[in-house]
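Below is one structure, written out as structure tokens, with a few remarks after it.
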Amino acid sequence: DKGPYPYYMLKEIDEQPNVMRKLASLYTEESGKPNVDAELINAMKQADRLYIVGAGTSYHAGLVGKKLFEKLAHVPTEVHIASEFAYENPLLSKKPFFIFLSQSGETADSREVLVNVNAHNYESLTITNVENSTLFREATYTMLLHAGPEISVASTKAYTAQIGVEAILAKALGEAKEQTIAEEFDIRQQLGLVATGMQAIIDEKDTIDDLAKKYFVPANRAFYIGRGIDQTVSLESALKLKEISYVQAEGFASGELKHGTIALIEEGTPVIGIITQKRTANLTRSNLQETESRGAATFTIVRKGLAEKDDTLVIPDVNELITPLLSVVPAQLIAYFTSLNKGLDVDRPRNLAKSVTVE
Ligand code: M6R
């Protein structure tokens, strides 16, 4: 039931702060220690490389997972698009461990990979929102997202829940491997900050609605740009916009734009810079500037600690490793309001199904 909401998507965006609190209470103890299956952590600890597999938004959550597992647990991590992995036969390490990300647990492309993984007797973990789904039943280990049903075709709370679970898992694995950075990372406290931060962004809906009306509804093309972890969020942000508002959007590594794609910038093309990482903030700012001088209408989604006077949307400060949990929220809302103001069916965009059960 959507209750007072015109569309499930808005309801699901609104539910994200509670999902973060729920993950903190289910998967961490009051002391801040992760509360994760010890056998799972032990199996992951034996692995020399993690292979994350997913499609669409789940693949994008995997890209964030790579950063988390590599930084907090110091384990090399590859992320694969399920439909590519299944037929490419990539070279595997000696002791691989597979992580499947899937909201529905029914994505055929991901399942095809899992069937192969099982045929080789490799161990796996499925992180999903749906208990007893196919990917849930067929993996060695499972973790649930506890996000509640996601009805809107555009995935929102599943993305943030997947990143939340990955962060908890990376912290647990990092601690098991005695990584100082993991020991010092207070995931329980951070998820609390994320929940409050998400709410603060959601409370700014009207500003985002205005922005969508003015700049995104008339656009036929848009860009999200960023570096590192912000680049991964730019991919997810662009997917959201394409999927429900039919604005052709690209997520881009901000430094790569000038190597060709900048030719697409015209008068008024919206370009949004995602800026949450201290090391690369100024670089992305100058890449934005390059597009502005070619006529782009530029905007920023900036972490508070890095904010400057003219920034468009300032998001609260959290640990730099988990900023996607906040930086994606304005992008979800931009997509939502662009679609809504164009009079489209936000929850059921054309040509798409909620879960893709064909390869
Ligand atoms: O259920 P899954 O997470 O496996 O689904 C994967 C993709 O089909 C899904 O994320 C899709 O990209 C969404 N519609 C994006 O909003």
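The values are calculated or read from the model by the stated rules, or taken from the named source; none is laboratory data. What you see is a predicted model; the values in this text were computed from it and never measured. For neighbour counting, all protein chains shown are included, and Cβ atoms are generated from backbone atoms with ideal geometry for every residue, glycine included. All accessible areas refer to the heavy atoms of the entire protein, side chains included, with ligands and DNA or RNA removed. Shrake-Rupley method; radii C 1.70, N 1.55, O 1.52, S 1.80 Å.
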Worksheet item: Of the conditions (1) surrounded by 18 or more Cβ atoms within 10 Å (Cβ to Cβ); (2) within 16 Å of the ligand (Cβ to nearest atom); (3) of a type outside the set (D, E, K, R), G148 fails just one. Which one is it?
Response: (1)
Item to complete: Name every residue in region 152-210 that is part of a helix (DSSP H, G or I) and of a type in the set (K, R), in order of residue number.
Response: K157, K171, R188, K205
Worksheet item: Mind checking which residues of region 338-359 are under 14 Å from E243 (Cβ atoms) and of a type in the set (D, E, K, R)?
Response: K342, D345, D347, R348, R350, K354
Item to complete: Answer with yes or no whether K171 is within 28 Å of G54 (Cα to Cα), touching a Pro at 6+ places or on another chain (Cβ under 6 Å) and at pLDDT 95 or above.
Response: yes
Worksheet entry | So A263, is it free of Cβ contacts under 8 Å to residues at least 24 places away in the same chain and within 16 Å of the ligand (Cβ to nearest atom) | no
Practice prompt. Report yes if S83 is away from the ligand (no atom under 13 Å from the Cβ), touching a residue at least 40 places away in the same chain (Cβ under 8 Å) and surrounded by fewer than 23 Cβ atoms within 10 Å (Cβ to Cβ), otherwise no.
Written response: no
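One line per residue, one yes/no per condition, for (1) in contact with a strand residue (DSSP E or B) (Cβ under 8 Å, 6 or more places away or on another chain); (2) part of a loop (DSSP other than H, G, I, E, B):
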position: S31; (1), (2): no, yes
position: V53; (1), (2): yes, no
position: L68; (1), (2): no, no
position: E84; (1), (2): no, no
Worksheet entry | Lone qualifier among S124, S93 - being away from the ligand (no atom under 12 Å from the Cβ), open to solvent by 10 Å² or more (accessible area, probe 1.4 Å) and not aromatic (F, W, Y) | S93
Practice prompt. Please enumerate the residues belonging to region 302-359 that are over 21 Å from I151 (Cβ atoms) and among the hydroxyl-bearing types (S, T, Y).
Written response: T312, T323, S327
Worksheet item: Could you list, in sequence order, the residues of region 7-29 that are within 25 Å of E184 (Cβ to Cβ) and assigned to a loop (DSSP other than H, G, I, E, B)?
Response: E29
Discussion item. Checking K177 against (1) crowded, with 24+ Cβ neighbours inside 10 Å; (2) more than 16 Å from the ligand (Cβ to nearest atom); (3) not hydrophobic (A, V, I, L, M, F, W, C): exactly one of these is not met. Which one?
Written reply: (1)
